[in-house]
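Scroll down for the structure; my scribbles are underneath it.
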Amino acid sequence: MANTTAGEQPKALTEIDLINQVLADKDVSMNALADQAGIPYATLRRSLKGGRALNLNEVRNIAAALGVWPSDLLPDELTTRQEAA
């Protein structure tokens with residue numbers, strides 16, 4: 001859980017944060033993930049450092065390589081259905 005000061009909202013996790021969290025939890029290296037997901041290491045590294053956006057196919061391949069649902073790697077605002085105003 002993110003550290004916050006009184007009155008501050010916790011920082012929303014991004015897909016990069018979520019992927020890095022799963023990598024750490026499963027003790028998978030970025031190199032191993034790149035191999036398993038079929039994404040060049042340099043491309044994956046750049047994406048996970050925030051220099052490039054991941055596309056949907058990459059998120060799907062990363063999820064499969066990590067053994068999680070793609071929705072587990074997406075921020076809540078992308079996976080929670082909200083009623084139209």
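The values are calculated or read from the model by the stated rules, or taken from the named source; none is laboratory data. This structure is a prediction, so every number in the text was calculated from the model and none was measured. With ideal geometry, Cβ positions are generated from the backbone for all residues, glycine too; neighbour counts draw on all protein chains shown. Just so you know, the surface numbers come from the protein's heavy atoms only, side chains and all, with ligands and any DNA or RNA stripped out. Shrake-Rupley method; radii C 1.70, N 1.55, O 1.52, S 1.80 Å.
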Legend entry - 25, 72, reordered so the largest accessible area comes first (probe 1.4 Å): 25, 72
Legend entry - Spin-label pair residue 26/residue 76, simplified geometry with 7 Å Cα→Cβ offset, distance in nm: 2.3
Inset, instruction - Multiply the residue gap between residue 57 and residue 17 by 0.36 nm, knock off their C-alpha separation, and tell me the result in nm, one decimal place. - result: 12.6 nm
